[in-house]
Amino acid sequence: MAEKMTIGVLALQGAFDEHEAMLKELAADYREIRQRKDLTDDLDGIIIPGGESTVQGKLLHDLGLFEPLRQKIIQGLPVMATCAGLILLAEEVSNDKPLLATLPVRVRRNAYGRQLGSFAADGAVAGIGDYPLRFIRAPYIEACLATEVQVLNETAGHITAVQYHNQLAMAFHPELTHDLRIHAYFLEIAAKRKKLALGA
Amino acid sequence: MAEKTEGIGNRYELNKNLAQMLKGGVIMDVTTPEQAKIAEEAGACAVMALERIPADIRAAGGVARMSDPAMIRGIQEAVSIPVMAKCRIGHIVEAQLLQAIEIDYIDESEVLSPADDVYHIDKRKFAVPFVCGARDLGEALRRISEGAAMIRTKGEPGTGDVVQAVHHMRKINQQMAAIASLREDELFEAAKKYQVPYDLVAYVHEHKKLPVVNFAAGGVATPADAALMMQLGAEGVFVGSGIFKSGNPAKRASAIVQAVTNYEDAELIARLSENLGEAMVGINADEIQLLMAERGR
């Protein structure tokens, strides 16, 4: 019998409702993280949604969440990040300053240009299979900065999804689809870590 | 290698998706690249580029038109967040020009002088997304049927008086609740009453919400105003004249952004509201001659 898990959803700005709807469908408990007091030690994972990375980065600082969240991720808290979330995690941002800088990749913000450059594509995500990809003023990954970074998807010649130990990050938006498989995969990562922690 | 898939239906979905990314955020009116940078640094999730903010449009009188494309480009170059701009209601060509300079969102706005007193733009013909104002559910669903990918309340722009935005938000929500409570066979009559397509009424009946994101706009001047609109069900807030007509724009903008994220935390909003300097002077919405919200139904 699996232990009960609670996933934190960073709810500072952006499409966090959509992630919560996916978690609800997967019958996973979640809590919105809006302030320092919401970021408790009982969380088994955290989702950083799409939105504007400049806004989320500023609010992380203003609300005293920045360093505590960064430490949790470094210590192994499973994190799933989409679009702006990927930018928040990236160690390097080629056209902006880095924020949490926990994921050894270099990303480019607004890599496809303005809203007219937003697009949908069909692609395969490693370990998942064919998956509908939606890119909204999206970034892409220019380079992986550590050998352990696993590439999960390349679209139109650029890396758009990676996993690095506890960190799962993608430029596209599974929360804008009806396909639960990537969220289910993230819950597996969180469950494995919880099992390890309980066994230790 | 993954292929891009394209199509008008798909484009509309992508455009609605961009509005979803703006949720929980504050969109700020700016008139210069410097203001745009201040707004971005204060945490705006997008900026609305316009030559004059609504309070000044009101003061100046005369015909208010789309802004100079060079001015909009200057703002596009200054910031990395989405840039919106306004065209006049029904002005197809102003919208085409805004699309040509790759604006991220067009606001077909009652703040400018209407170019057409009957027809709105057929927004389905455009690749860039549109946001439109609405005072009630009928207006909102009519704009959506024309292709709007995002809705905002009209409020009464340029007044610093939030009463109309509150009125519009409550009305839209009450009307949606009323539709949600109907029997299915009553929806046809509701579509007739609201003068909107049946499919959109059926969507509201099933989901108890609009099929696009709904922000508050018009008269928001303080962190408390912004939090009020969020508590009433807005998914984000436009702040027009309220920021750059105030004493300390950077501080006020940052406070409004935090108040929108933590709109239920009164202690935090009280702290954020301390020493913000002069709020915009404001005009009571019932003391003014020109009701912009009456434009475009």
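The values are calculated or read from the model by the stated rules, or taken from the named source; none is laboratory data. Values in this document were obtained by computation on a predicted structure and should not be read as measured data. Using ideal geometry, Cβ is built from the backbone for each residue, glycine included, and neighbour counts are taken over all protein chains shown. Just the protein is used for accessible areas: all its heavy atoms, side chains included, with ligands, DNA and RNA removed. Shrake-Rupley method; radii C 1.70, N 1.55, O 1.52, S 1.80 Å.
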Amide H contacts under 5 Å for A:Ile46, restricted to residues at least 5 apart in sequence or on another chain and with H modeled in the peptide plane, are A:Gly8, A:Val79, A:Met80
Loop-resident GluC sites (Glu not before Pro) in the stretch A:105-183 with no more than 13 other Cβ atoms inside 10 Å, DSSP not H/G/I/E/B, are A:Glu148
Pseudo-spin-label distance B:Ala178 to A:Asp17, built 7 Å along Cα→Cβ, given in nm, is 2.2
iface A-B | buried accessible area, total | probe 1.4 Å | Å², round 100 | 3400
Calculated from DSSP helices alone, with each H run of at least 4 adding -39500 (n - 2.57) and the total divided by the residues of chain A, [θ]222 nm to the nearest 500 comes to -8000 deg cm²/dmol
Once normalised by the length of chain A, the mean sequence separation of its alpha carbon contacts under 8 Å that are 6 or more apart gives a contact order in percent of 18
Relative to the compact-globule estimate 2.2 N^0.38 Å (N residues), the Cα gyration radius of chain A stands at a ratio of 0.94
Length gained, B:Glu186-B:Ser80, 0.36 nm per residue minus C-alpha separation, equals 33.4 nm
Between A:Lys37 and B:Lys37, the two model label points (7 Å from Cα along the beta-carbon direction) sit apart by a distance in nm of 3.8
Carbon and sulfur atoms account, in whole percent of the 1.4 Å probe accessible area of the protein assembly as shown, for 50
For peptide A:168-181, the mean count of other chain Cβ atoms within 10 Å per residue Cβ is 1
Rounded to the nearest 5, the percent of DSSP beta bridges in the protein assembly as shown running antiparallel is 35
Evaluated at 37 °C and 0.692 mPa s, the Stokes-Einstein D of the protein assembly as shown based on the Kirkwood radius over Cα pairs, in µm²/s, stands at 143
Mean separation of Cα contacts under 8 Å (at least 6 apart) over the residue count of the stretch B:171-224, i.e. the relative contact order in percent, is 33
The stretch B:152-261: spread of alpha-carbon positions along the three principal axes, whole Å, largest first, is 54, 24, 17
The relative contact order of chain B, taking Cα pairs under 8 Å that sit 6 or more residues apart, comes to a percentage of 20
For the stretch B:1-277, using Cα atoms only, the Rg and Dmax in Å read 18.3, 56
Result for the protein assembly as shown: accessible area per residue, probe 1.4 angstrom, in square angstrom, of 39
Toy charge model, Lys and Arg Cβ at +1, Asp and Glu Cβ at -1: the stretch B:1-277 dipole around Cα centroid in debye, rounded to 20, equals 220
Given pairs A:Lys4/B:Lys16; A:Lys194/B:Lys208; B:Lys86/B:Lys192; B:Lys16/B:Lys171; A:Lys194/B:Lys16; A:Lys97/A:Lys195 and cut-off 28 Å on Cα-Cα distance, the over-length ones are A:Lys4/B:Lys16; A:Lys194/B:Lys208; B:Lys86/B:Lys192; A:Lys194/B:Lys16; A:Lys97/A:Lys195
